[in-house]
Each structure stands twice: as structure tokens, then as C-alpha cells.
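Any read-out appearing in this document is the output of simple, stated calculations on the displayed coordinates, not a laboratory observation. Computed from a predicted structure; not experimentally measured. Using ideal geometry, Cβ is built from the backbone for each residue, glycine included, and neighbour counts are taken over all protein chains shown.
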Amino acid sequence: MHPDSPHDAWSRCLEIIRDNISRQSFRTWFAPLKAVSLTEEEGLRKLTVQLPSRFYYEWIEEHYFALLRKTVTKVLGPNGRLYYDILIESPQAPGTATPRERGGDSNSAGTTVQLPARPGGAPAPPPNAGVPGVAPPSRPGYPGTPPREPVPPYHQPASPTNPFVIPGIRKPQVDPNLNPGYTFERFIEGDCNRLARSAAWAIAQQPGATSFNPFLIYGGVGLGKTHLIQAIGNHAKLHGHADTVLYVSSEQFTNQFVQAIKDNNASDFSNFYRQIDVLIVDDVQFFSGKEKTQEEFFHIFNALHQAGKQIVLSSDRAPKDIVGIEERLLSRFSWGLAADVQLPELETRTAILRRKAEDDGIRVAPEVIDYIATNVKSNIRELEGSLIRLLAHAALHDREIDLPLAREVLKDLIKDIRITLNVEEIQRITCEFFEIPEDLVRARTRKREVVRARQVAMYFAKQFTEQSLKSIGLQFGGRDHSTVIHAINSVEDQIETDPRFREMISDLRGKLELHTR
Ligand code: ADP
Ligand code: MG
């Protein structure tokens with residue numbers, strides 16, 4: 001007998017899944033999932049479960065595909081299919097951190113994704129190949145959730161120059177090409193972005209009617225420019241403050257323009273852009289050196305501005321530092337407001353991580369958040385990436401998300417601190433840790449505890465400093481480099497074979513890292 005309520009069906013699936021994976025993985029990946037519907041369509045029995053975030057989708061698809069397929073077949077019969085409903089679209093974080101880089105797959109909020117269509121166990125398709133089995137987006141002509149990196153424009157055969165137009169409607173509707181996850185609600189405000197955020201918010205309420213026109217956000221990579229400019233579009237659209245909103249990267253704009261010229265319909269292109277109420281162009285520094293495109297953009301800009309339409313731009317540097325863009329266009333970029341985004345301060349970094357964990361529906365201990373926030377300072381994308389990498393490792397190796405794991409997993413990212421430790425400090429901290437007098441690591445003694453401390457200190461000296469084996473040996477009472485090699489090998493062996501030793505090393509590593517702040 002096959003179950004007939006979604007709840008029953010999913011409970012039965014969960015029982016099978018529970019028996020096949022570890023408790024920790026089950027708790028992390030399956031316990032939070034809820035069944036939403038069980039329907040019969042075209043001879044298929046479709047069970048839909050809700051996932052808290054896109055991260056779950058990627059993880060589950062990557063790691064549990066075969067198991068789920070078997071399970072669903074067992075519970076629902078050969079015609080059983082599993083669909084996902086992704087509750088919150090979470091803007092994708094760095095590929096380095098996700099289990100596998102995945103480019104432009106297009107499931108967004110509320111989109112259902114059919115799972116079992118991918119042949120069991122087959123490797124996932126490469127980025128941008130289109131994931132077989134992913135249900136197409138519900139609206140035609142939608143170019144897909146823009147992935148982080150610019151993608152080539154989506155060409156719709158019927159109207160090559162207006163790739164974002166949904167055909168068949170009299171007054172053409174323009175698909176905004178926005179990532180629905182980039183909202184103000186999910187954008188954490190801090191000193192680093194306050195001006196940019198408030199201006200963006202004001203514009204989103206009254207596009208074209210503030211003095212911030214054009215509005216340019218500039219700043220380094222991964223600091224939230226794309227998020228913020230898209231938030232304007234999402235908000236304006238959702239609350240009916242603008243009919244036609246369009247987001248394009250300057251690369252997309254350029255490619256479309258080049259194509260339009262090739263196809264001899266540059267005027268279509270131009271007309272298309274002139275009907276936009278809120279035009280958002282990302283990374284305008286890419287216009288640099290592209291004179292024809294700049295000229296076209298200049299005319300579109302003028303037409304829109306004169307008509308009181310809103311123009312929103314982003315750039316990776318201040319307008320005065322952009323080279324290769326014509327003066328007349330550059331000067332227009334500064335007509336309205338140019339606001340920068342800067343590196344986030346500790347408080348903002350912490351808030352972003354907390355929020356991100358919450359959005360992904362995963363509990364992360366406060367000390368882990370603090371650890372990442374304190375150490376990952378480069379940009380917000382890396383910050384998110386660190387967290388995701390940690391979650392991935394926890395699941396893969398079936399470990400708790402705790403401080404030792406965070407240290408281990410993020411050690412490559414958080415390496416600038418190593419340089420600041422010297423051999424002597426490492427000796428001091430290590431001896432303190434093992435509770436032995438510090439000078440003994442440099443002395444001749446062969447007492448067991450001393451040998452252990454000495455070897456461990458040598459091991460960390462190699463890891464945390466840039467010094468040669470020879471120089472390290474000298475600082476341990478004039479020992480030679482082969483002694484250091486032996487020490488390192490011996491420590492590595494013990495880490496491999498003795499869990500208690502491993503834990504101890506991990507604790508000490510934590511102490512060493514803390515001492516460098
Ligand atoms: P940029 O366009 O400046 O390179 P993005 O807008 O792509 O940066 O941001 C990188 C990542 O960091 C995105 O996932 C984005 O959602 C996130 N992010 C950036 N700023 C914030 C913020 N203030 N609050 C929450 N998330 C943020
Ligand atoms: Mg960007």
C-alpha cells in the first residue's frame with residue numbers, strides 16, 4: 001500500500017533515510033524538511049518537500065541523490081518523484097565553499113525542482129549546462145537567477161535584442177532579471193554601507209523622484225554592491241513603485257548591443273532600453289575601452305534621465321578612478337549620488353554571519369560565529385563562503401559545527417595570522433600548554449613529556465612561521481634539520497592514529513591562534 005498523505009509518505013521516506021545515514025547527517029539535512037504535497041500528475045506521484053534554503057538543495061542533490069531516488073521508489077512506487085520547494089532563495093555564496101561550483105542553475109524561490117530525473121549516481125552536470133530534471137522557471141523568457149558571475153545574455157530566438165521581454169503580451173513586459181534573494185530585508189546595515197543603503201532605500205520608494213539620479217554605488221569586490229542595487233529593483237517592483245525594472249551587468253548590456261549590431265537591429269535595442277523605468281547596470285567599469293557601447297549607453301542614459309526614469313549603477317571604484325570611459329559619460333555618473341561601500345567592521349560581520357546561518361536554517365554556536373567574524377575580514381563574500389565551507393565539512397565528515405572544526409576547516413583562509421607568531425612564542429605557548437618549563441624544549445633532556453612538547457612546538461613552528469627547518473632546529477637548542485623533520489613526521493603520525501592526541505593538537509592550535517590577535 002502506498003501512502004496517500006504527503007506527511008505519511010515523507011515519514012516513511014525519513015525512516016528509510018535514517019537507517020542509511022549517520023545520526024548527525026540525518027539531523028542536519030533531513031530532520032528540518034517538511035512534506036508539502038503529494039499529487040498525481042501524468043501518471044507520476046509527486047511528493048514535494050520544502051527545503052529551508054538553496055544550500056540544502058545543493059547539498060542534498062550532491063550527496064544523497066542515489067539514496068533519495070531509491071527511497072522514493074520504494075515508498076511511492078516506480079512512478080514516484082520527489083520535488084523540492086525552496087523556501088528562501090539564498091543568494092549563492094562563493095564556489096570555493098560550496099561542495100561543487102555550480103553556475104547558472106535557475107531554481108529560485110518557490111520553484112520546484114524534480115530530483116530523480118538525473119540518472120542515479122551520475123556526476124552532476126557542469127555549471128551552466130542546465131540541470132536535467134530541474135523544472136523550468138515558471139515564466140517564459142526569464143533569464144534565470146543571475147549567478148554571481150556575469151553570464152552571457154539569454155538569447156530568445158524570437159527577439160534577440162530584447163532578451164528580457166516576455167513575448168505574447170501587447171505592452172511588452174520586461175522581466176527584471178533580478179535575483180529575488182537580494183532584498184533589503186536580507187541586507188545587514190552597518191557603518192560600512194549606511195549611506196549607500198539609506199539612499200538605496202529612498203530610491204526604492206520613489207524611483208526617479210529623488211535627487212539621487214543616477215545613483216552609483218562603488219567599492220571593492222564582495223561588499224554588497226550587487227545585492228544592494230538589486231534590492232532597489234526588487235523592492236520597487238514588489239511594491240508597485242515601478243512598472244518596468246531591469247537589471248543587467250554591463251557585460252550583458254555590451255554583449256546584447258554587439259549582437260544587435262550584428263543582427264542589424266540596433267534601433268530595437270535602443271527602443272527596448274528606453275522603456276525601462278528603473279535601469280540597473282552592474283559593474284560599469286567594464287564599459288571601459290568599449291567606445292561604441294559607451295556611446296549607446298550615453299544616449300540611453302540621457303533619454304531615461306530626461307524622462308525622469310531612475311538609473312542605478314555600480315562600479316568597483318570611484319568614478320574619478322575609472323579609466324577608459326569617456327568624460328561626458330563619467331561626468332553623468334556623478335550627477336546624482338555616488339556612495340561607497342567599505343569593508344564591514346566586526347559587528348557587521350558578526351551580524352551577517354548570524355543572519356546567514358539563520359537563513360540557511362542551521363544552528364551555529366556563537367563562538368564559531370565570533371571566530372569567523374574575527375578572522376575573515378577580506379569581504380562579505382568570503383565571510384559567507386567560510387560559513388558555508390564549514391557547514392559542508394561538518395556534514396561531510398559528520399562532525400559537530402564547533403570551534404575546533406572551524407579552525408581546522410578555515411585554516412587556509414585564516415592564514416595571515418601565522419606570520420605574526422615567532423618560534424619563541426610558539427615554544428612559550430606550547431610549554432605553557434603542556435605545563436613544562438619553557439627552557440626545557442631547548443635543553444638536552446629526553447624526558448617523555450619534554451620530547452612531546454618539543455616535537456609539537458617544532459611542528460607548529462613549521463606551520464606558523466616561514467622559517468627553514470634548519471633555522472627552526474637551531475632555535476631548539478641547536479638541533480639539526482633532520483631532527484625537525486623527524487618531529488614533524490612523528491606529530492603527523494600521532495594526529496593520524498590517536499584521536500586524543502589530535503584533539504589536543506587542535507586545542508593547542510586554537511590557543512596559538514588566539515595569542516596572535
Ligand atoms: P559585490 O557586488 O560588491 O561584489 P555582492 O553584492 O555580490 O558583492 O555581495 C557578495 C555576497 O555578500 C552576496 O551573497 C551578498 O548577499 C552578501 N552581502 C553583501 N553585503 C551584505 C550585507 N550588508 N548583508 C548581508 N549580505 C551581504
Ligand atoms: Mg557585484
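Worth pointing out:
- In the stretch 228-262, the qualifying residues are those that are surrounded by fewer than 21 Cβ atoms within 10 Å (Cβ to Cβ) and within 26 Å of S288 (Cβ to Cβ), and the one that is nearest to ligand 1 (Cβ to nearest atom) is E251.
- Taken as a whole, the stretch 271-294 holds no residue that is small (G, A, S), away from ligand 2 (no atom under 16 Å from the Cβ) and more than 33 Å from the chain's Cα centre (by Cα).
- Note on the stretch 456-498: residues that are within 36 Å of the chain's Cα centre (by Cα), outside any helix (DSSP H, G or I) and either of a type in the set (A, V, I, L, M, F, W, C) or farther than 15 Å from Q427 by Cα (or both) total 2.
- When residues of the stretch 295-317 are limited to those that are farther than 18 Å from Q205 by Cα and within 16 Å of ligand 2 (Cβ to nearest atom), the one surrounded by the fewest Cβ atoms within 10 Å (Cβ to Cβ): R317
- Selection from the stretch 324-335 of residues that are surrounded by 15 or more Cβ atoms within 10 Å (Cβ to Cβ) and assigned to a helix (DSSP H, G or I): L329, L330, R332, F333
- Tabulated pairs, the stretch 326-350, first within 22 Å of I380 (Cβ to Cβ), second part of a loop (DSSP other than H, G, I, E, B) and of a type in the set (D, E, K, R), C-beta under 7 angstrom, 6+ apart or interchain: L343/K377; E345/D191
- Qualifying residue in the stretch 204-216 (condition: out of contact with any helix residue (DSSP H, G or I) (no Cβ under 7 Å at 6 or more places or on another chain), at positive phi and crowded, with 16+ Cβ neighbours inside 10 Å): yes
- Considered as a group, the residues in the stretch 22-63 that are crowded, with 20+ Cβ neighbours inside 10 Å and acidic (D, E) include one that is nearest to R12 (Cα to Cα), and that residue is E61.
- Residue in the stretch 344-363 that is farthest from D191 (Cα to Cα), counting only those that are within 11 Å of ligand 1 (Cβ to nearest atom) and out of contact with any helix residue (DSSP H, G or I) (no Cβ under 8 Å at 6 or more places or on another chain): D359
- Top-ranked residue of the stretch 336-356 - restricted to ones that are within 16 Å of ligand 2 (Cβ to nearest atom) and in a loop (DSSP other than H, G, I, E, B), ranked as nearest to L387 (Cα to Cα): P344
- Note on the stretch 178-198: residues that are under 19 Å from A242 (Cβ atoms), in contact (Cβ under 8 Å) with a residue 60 or more places away in the chain and surrounded by fewer than 22 Cβ atoms within 10 Å (Cβ to Cβ) total 1.
- Residue ID - surrounded by the fewest Cβ atoms within 10 Å (Cβ to Cβ), chosen from residues in the stretch 364-389 that are more than 16 Å from ligand 1 (Cβ to nearest atom) and in contact (Cβ under 8 Å) with a residue 24 or more places away in the chain: E367
- At least 2 residues being in contact with a Phe, Trp or Tyr (Cβ under 7 Å, 6 or more places away or on another chain) is the threshold, and among the helices (runs of 4 or more DSSP H) wholly inside the stretch 357-428 those reaching it are 380-396, 403-409.
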